[in-house]
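Enquirer: What follows is a single structure, and I will ask about it in a moment.
Please treat every number below as a calculation from the coordinates, not as lab data. Computed from a predicted structure; not experimentally measured. When we count neighbours, we look across all protein chains shown, and the Cβ atoms used for this are built from the backbone with ideal geometry, even at glycine.
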């Protein structure tokens with residue numbers, strides 16, 4: 001029993017020094033806030049969790065895709081409109097050409113990977129600033145989307161979107177399972193050589209090149225994997241909306257970056273996709289709790305209470321901003337502590353635990 005307690009304490013001490021710790025704490029705070037407002041039984045009911053996952057999995061996966069690029073030392077703010085590209089292709093191919101629905105989905109995922117490869121080429125090969133390149137590409141993709149689908153239209157067969165919005169075994173949301181599989185992809189990547197390469201390139205491309213790592217190739221692969229995850233997120237968005245819209249999800253680019261930072265992920269070799277997951281879920285849960293606060297709890301406590309959605313957005317954005325400030329302060333402290341520990345160990349001639 002004592003060994004178990006000691007192991008848990010050691011794990012907690014190690015986890016406390018990781019970048020994901022602050023995002024995890026914010027994630028727990030957001031869960032407690034939702035439990036307080038909705039009640040544990042209501043919040044943890046299968047129906048409530050299914051709604052939470054099915055409506056927000058596209059954003060969470062987008063944050064994870066963006067996190068992969070941030071670790072590599074780059075970013076892509078056109079990532080949101082890329083989801084819309086997947087959406088219009090997945091809708092229009094079956095509608096206009098009669099191809100199978102699954103074939104339309106595969107084409108949408110391949111399109112996301114192709115656009116990601118173009119962005120990766122501009123950033124890693126042509127050495128254009130990633131912010132400028134992806135910002136310009138955002139309007140190019142927007143034009144392509146409108147050419148393919150001039151106005152919102154189309155529909156998804158009922159069997160597909162009902163399957164996405166269902167529970168496996170009566171308790172496990174299908175959308176949560178998809179999210180889990182995407183996260184398992186990251187677990188696999190982190191354990192292979194490529195996972196070490198993206199961290200090395202993110203920290204210092206010059207030093208990585210000196211160590212025999214090709215930074216250009218590594219960034220291109222990172223963009224391709226990002227495109228695959230965005231493709232999956234785009235299919236989930238299509239199933240969630242059950243229709244096509246060429247201009248939806250444009251704000252996902254900046255929201256995904258903000259979610260990564262809230263979760264403790266830094267630019268260039270600092271953090272993991274766990275940070276993106278916790279940060280995105282904190283964002284989602286705060287908005288969820290504020291919504292229930294204004295539409296249910298305050299309505300019951302204050303007869304005749306009414307508030308516009310602007311007040312909901314204001315309160316949720318203030319809480320998210322405070323979470324962002326907390327993450328920035330704690331991440332800075334973690335980095336400084338890590339530097340001091342490394343310097344101290346080198347001075348004593350000890351092996352650095354990495």
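Enquirer: Taking other Cβ within 10 Å of each residue's Cβ, how do 29, 198 sort, fewest first?
Expert: Exposure proxy ranking, most exposed first: 29, 198.
Enquirer: Sticking with this structure for a sec: Mind sorting 223, 11, 21, 135 by how few other Cβ atoms lie within 10 Å of their own Cβ, fewest first?
Expert: The fewest-first ordering by Cβ neighbours comes to 11, 135, 21, 223.
Enquirer: Between residue 42 and residue 158, what length comes free when the chain is fully extended (0.36 nm per residue of separation minus the Cα-Cα distance, one decimal in nm)?
Expert: Separation in residues times 0.36 nm, less the Cα-Cα distance, equals 39.0 nm.
Enquirer: I've got another one for you. Sort 22, 330, 308 so that the residue with the fewest other Cβ atoms within 10 Å of its own Cβ comes first and the one with the most comes last. Walk me through the intermediate numbers first.
Expert: Values: 22 26, 330 17, 308 9.
By the 10 Å Cβ count, ascending, the order reads 308, 330, 22.
Enquirer: Computed over the Cα atoms, what is the radius of gyration of the stretch 129-223 divided by 2.2 N^0.38 Å, N being its residue count?
Expert: Here the answer is 1.61, to two decimals.
Enquirer: How many angstrom separate the Cα center of the stretch 65-116 from the Cα center of the stretch 134-148?
Expert: Taking the Cα centre of the stretch 134-148 as reference, the centre of the stretch 65-116 is 12 Å away.
Enquirer: Just from its helices, what would the mean residue ellipticity at 222 nm be for the chain, if runs of 4 or more DSSP H residues each count -39500 (n - 2.57) and the sum is divided by every residue, rounded to the nearest 500 deg cm²/dmol?
Expert: About -25000 deg cm²/dmol.
Enquirer: Under 13 Å from a label point 7 Å along Cα→Cβ of residue 55: give me every residue in the stretch 283-321 with its amide N that close.
Expert: 284-296
Enquirer: Hey, another quick one. Take each of the peptides 107-114, 295-302, 242-249, average the number of other beta-carbon atoms within 10 Å over its residues, and list them starting from the highest.
Expert: Top to bottom by mean Cβ count within 10 Å: 107-114, 242-249, 295-302.
Enquirer: Using the eigenvalues of the Cα gyration tensor, what equivalent ellipsoid semi-axes result for the chain when each is taken as the square root of five times the eigenvalue, whole Å, largest first?
Expert: Each semi-axis is √(5λ); the values are 33, 30, 19 Å.
Enquirer: As a test of the definition: which semi-axes, in Å, follow for the stretch 185-255 when you take the square root of five times each eigenvalue of its alpha carbon gyration tensor? Largest first, please.
Expert: 32, 13, 9
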